[in-house]
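**Q** Okay, here's the structure, questions in a sec.
The values are calculated or read from the model by the stated rules, or taken from the named source; none is laboratory data. None of these values were measured; they are calculated from a predicted model. Ideal geometry is used to build each Cβ from the backbone, glycine not excepted, and the neighbour counts take in all protein chains shown. These area figures cover heavy atoms from the full protein model, side chains too; ligands, DNA and RNA do not enter into them. Shrake-Rupley method; radii C 1.70, N 1.55, O 1.52, S 1.80 Å.
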Amino acid sequence: MTRSLLLCAHGPQSTRGRAALAGLVNAVRREAHDLDVMDAYVDLQEPSIVSTVETTSGPRALVPLMLAYDRSVSVDIVRASHLDPAVTVTPPLGPDWVLAEVGVRRLFEAGARSNDTIVLAADTTTDERALADVSKAARLLSAVWGGRVHVGALGGPDTALVEAVDVARAYGHRVVVSSYLLTAGTAHDAMRECGADVVTDPLLDNNPPDPRLVSLVMARARGEGANTSDLTKATWS
């Protein structure tokens, strides 16, 4: 029986974002040549994760292509997986050291310097666990970057990004925003208007995906490298 890998994401809002996400899915498809790799979405784009689960069969690992354990993971994706016991849900991509490493790569590409003040910028985040995940993502980025990283968000109880940038100005150096986003879209556009001196590209840009991101997706599919206590773990080897 053919095993399937379902990659579930938020539907990118921009053509650039959709192309970048498709590039990641296709790269995973080339890597996972022994699996039937399909993409699905929780919003904005088809096919939906519900219809994908309903129209497929056999053992399937469902990997959320998301950067935090938000409502889309804990509710939408888990509900879809309950439609068929043959579907196993893995943890989302983030937070993870790989994302921090790619985030630092984006900082260097954007021209960030060692004395810049760094602000990790997240999309609107409200769920408690997602807030904790964003905080952890900032700590991982700080460890890889080798300096302090502040946190700002486009919405939710975390410090508003515009305010975080204003506070960062007090350090007397350039302010560089590290975009904690998978793809470009309206959220990234808003980050570019936050008043920072530099805003990095998302983790997926116009170039082929960083091979480390492909490896991270495959690691999630195999149940490696994350705490799976709240999700059903895939156990493929």
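**Q** Please determine whether any residue of the stretch 115-125 is farther than 26 Å from residue 72 by Cα, polar (S, T, N, Q) and outside any helix (DSSP H, G or I).
**A** The first filter runs over the stretch 115-125 and keeps only residues farther than 26 Å from residue 72 by Cα, leaving 115-118.
From what's left, polar (S, T, N, Q): 115, 117.
Still in the list and also outside any helix (DSSP H, G or I): 115, 117.
Yes.
**Q** Check 166, 158 and return the single one that is modelled with pLDDT of 95 or more and surrounded by 15 or more Cβ atoms within 10 Å (Cβ to Cβ).
**A** Working: 158 fails: modelled with pLDDT of 95 or more.
Of 166, 158, the one residue that is modelled with pLDDT of 95 or more and surrounded by 15 or more Cβ atoms within 10 Å (Cβ to Cβ) is 166.
**Q** Determine the pairs where a residue that is more than 10 Å from residue 116 (Cβ to Cβ), located within the stretch 159-181, has a partner that is modelled with pLDDT under 95 and among the hydroxyl-bearing types (Ser, Thr, Tyr) with Cβ atoms under 7 Å apart, the partner being 6 or more residues away or on another chain.
**A** So the pair list comes out empty.
**Q** Which one is farthest from residue 68 (Cα to Cα), of the residues in the stretch 169-195 that are small (Gly, Ala, Ser) and open to solvent by 20 Å² or more (accessible area, probe 1.4 Å)? Before you say what the answer is, go through the steps one by one.
**A** Here is the first cut: in the stretch 169-195, the residues small (Gly, Ala, Ser) are 170, 172, 178-179, 184-185, 187, 190, 195.
Retained after the next criterion (residues that are open to solvent by 20 Å² or more (accessible area, probe 1.4 Å)): 170, 172, 190, 195.
Details: 170: 29, 172: 31, 190: 19, 195: 25 Å.
If we take residues in the stretch 169-195 being small (Gly, Ala, Ser) and open to solvent by 20 Å² or more (accessible area, probe 1.4 Å), then 172 is farthest from residue 68 (Cα to Cα).
**Q** Then there is this: How do the pairs read when you match residues in the stretch 44-60 that are outside any loop (DSSP other than H, G, I, E, B) with residues anywhere that are acidic (Asp, Glu), using Cβ under 9 Å and keeping only pairs 6 or more apart or on different chains?
**A** 49/76; 50/76; 52/39; 53/84; 54/84; 60/36; 60/84
**Q** Filter the stretch 1-43 down to the residues that are in a loop (DSSP other than H, G, I, E, B) and open to solvent by less than 40 Å² (accessible area, probe 1.4 Å) and list them by number. Before the answer, list the steps.
**A** Our first condition is that a residue be in a loop (DSSP other than H, G, I, E, B); within the stretch 1-43, this holds for 1-3, 10-14, 32-35, 42-43.
Within the stretch 1-43, 11, 12, 14, 32, 35, 42 qualify.
**Q** Name, by its number, the condition in (1) over 29 Å from residue 162 (Cα atoms); (2) touching a residue at least 40 places away in the same chain (Cβ under 8 Å); (3) among the acidic types (Asp, Glu) that does not hold for residue 70.
**A** Only one criterion in (1) over 29 Å from residue 162 (Cα atoms); (2) touching a residue at least 40 places away in the same chain (Cβ under 8 Å); (3) among the acidic types (Asp, Glu) is unmet by residue 70, namely (1).
**Q** Restricting to the stretch 133-155, give me the number of residues that are assigned to a loop (DSSP other than H, G, I, E, B), open to solvent by 40 Å² or more (accessible area, probe 1.4 Å) and not basic (Lys, Arg).
**A** Here is the first cut: in the stretch 133-155, the residues assigned to a loop (DSSP other than H, G, I, E, B) are 146-148, 154-155.
With open to solvent by 40 Å² or more (accessible area, probe 1.4 Å) added as a condition, the list becomes 146, 148, 154.
If we keep only those that are not basic (Lys, Arg) as well, we get 146, 154.
Here the count works out to 2.
**Q** Oh, and also: Among the numbered criteria (1) of a type in the set (A, V, I, L, M, F, W, C); (2) in contact with a helix residue (DSSP H, G or I) (Cβ under 7 Å, 6 or more places away or on another chain); (3) at pLDDT below 95; (4) surrounded by 19 or more Cβ atoms within 10 Å (Cβ to Cβ), which one does residue 204 miss?
**A** Just one mismatch for residue 204, condition (3).
**Q** Taking into account only those residues within the stretch 68-114 that are acidic (Asp, Glu), touching a Ser or Thr at 6+ places or on another chain (Cβ under 9 Å) and assigned to a loop (DSSP other than H, G, I, E, B), which is surrounded by the fewest Cβ atoms within 10 Å (Cβ to Cβ)?
**A** 84
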